[in-house]
Each structure stands twice: as C-alpha cells, then as structure tokens.
C-alpha cells in the first residue's frame, strides 16, 4: 500500500523539528510588501523559484497562501476563493511538477554531522536536474522509494474550495488560520481526502479596540485547540493528521504572545505536532531599538534574528514545525538545537 508524502512525513520524519518556509502570493502581506506582485498580477514564475530556493535552503514544507492573514484590517479585506486560486494554483502546480521530476536526484541538504548527531528534520532539497551543492545523491535511497524525502506543499487558506483545488494540484497539507470555523466544509474535506490539517487559534480584533483580553491566554488557547482537535476527530480526521498552531499575533497583545511562547510546552503536551509562526511578528519589536522598528531590510533582519533565537527555545519546548520567512537562520537555529540535544544526551 502506497503511503502519501504527508503521512510518511508525519509518522517517520517529524521526530525532530523542521522548517516551514513562507510564500505569500499576495499584494498586501505585512511581511514582504507583495514581493511577487506586478502590474498584471502575481509573477508566478518568480514565486516558484523563490519557493524552490527556500527548499534548497532547508525548508521541508512550503506554505503558499493567496490571502493576507490581516484581511480584516482596513483597506485589505478578504479574497474570494476564485482569486486565491488564480494566485496560488500555478505556483503549486509548477512546484509539484518540479518536485516529481526531481525524484531520485535529491542530495542530502546537511553536511555529515558529528558522530551521533541526527540532522534536524532529516530533510533534502529539490533540484530541477542535477545537484549544485557538490553532494552526490545516495544511491541506496531515492525519493521514489521514500515519499517523505521530498518537500511538502501546504496551502494557507480558510476556504475549502481553495484547499480542494490546491490538493488536486499537488498540495499535501491544509493550513487554516480559522481552525475550520470560517468554512464548515473544511473538516469534511480534510477527512475525505486524508489530508493533514493545521488548526490555528485566532480571536477577532475589532478596529480601534485593540486585542481582546484573556484571563489566562495559555489556558484559553490550549482549551480552544483541544476542542477544535476533538471536533476534527469527530469529523473523521485521523489523529496523526492534526497539527496545532497557537496563532501568535492573531488577536493577542505583545504580552500575550510572550506568555504563549513561555508556555508553549502546554500546547505540545496535547500530543499533536505544534506549528509556530513567530517570524517577523510585530510583538518582536518590543526587543528592538528604535532605528530598527521600521519595516524594510534592517527591520526584517532584526526580527529574523530574534525569530531564530525563539526557534531554538521553542524547539526545546517541543515545537516541531517552525514557520519562517528567513530559512537559513532557522536552519542554523535547529542545528544548534540538535547539537545541544546530543550533547545533553551524552552526559
């Protein structure tokens, strides 16, 4: 019986933390200012090459979205499913074709680690033809016999219509920031297509009122995601296909976000893989000097460095999937975590 890439990944590869790279096929994302937007729409070819670069740098999952997560803010608004599909489907189809064509020529991404060190995520990169890294693909292990050896594609959407189209085009995972609350067909779709589903906590932030108040943000987030996971199970999803995201920055104050990070182990204790998206979030500005608070290269780089530091600490608390914009820094952070973990085990 054939096993899907996603199932193989979840059951065989997720014993160590891995990286999810962000590809925003939107004109209004807060973190990249529409880097693929042109006067005629999304530059799909540029987005595809960018995504494959993230895979070469160490991203195990490529998270592709056609709607800004800040759609509720003035001047942005939600994106209808048809437009989301126009934005993301050509990217997903092209990556899936390149991924499939590259099977059998997926060289090891990480250089051989010190004796006894298990590389974080045990992942590989995609090349369209031959390797440019100088490594020779191991002849005894090809992607065709190892479905977990290729990068996965996740579709970042609240719409079951978009998700279904993306899955047919080659996506492997659904990443739903509404945890299935915005579209009642999301759970049946994921269950029916045997597709992993990321459930995120989110509370609406009303314009001009700031984030909602929490009596105990960690407890409320854990309770909510525990309930949504139970709802997903009741809809027919298998336990190993449910992943949880605390939703940093979604209806939470800076203090709430730091409390969630400090207590992230509570969410991991539920037994489902935890996805963490701290990358470039505004609450990181608490730690930045004034000259680095502006958006742009300096501001993003400063936030990316802070994100890499969070990555190490979160990995130590059980977070398995780290959703980031700057993959090389996250990869270094997970290599630090892996080496420190081995050192602790040796003592």
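Laboratory data are not the source of any read-out in this text; all were calculated from the coordinates shown. Computed from a predicted model, the values in this text were never measured in an experiment.
Provide, for q = 0.16, 0.25, 0.27 Å⁻¹, the log10 of I(q)/I(0) from a solvent-free Debye sum over equal Cα point scatterers in the stretch 156-236.
Here log10 of I(q) over I(0) equals -0.64, -1.15, -1.28.
What fraction, in whole percent, of alpha-carbon pairs in the stretch 222-264 exceed 13 Å separation?
60
When a/c reaches 1.5 or more, the comparison of a/b and b/c decides; with that in mind, is the stretch 201-336 rounded, prolate or oblate per its Cα gyration tensor?
Because a/c hits 1.5 or more and a/b fails to exceed b/c, the stretch 201-336 counts as oblate.
On a full-extension model of 0.36 nm per residue, what is the gain between residue 270 and residue 86, subtracting their alpha-carbon distance, rounded to one decimal in nm?
62.6 nm
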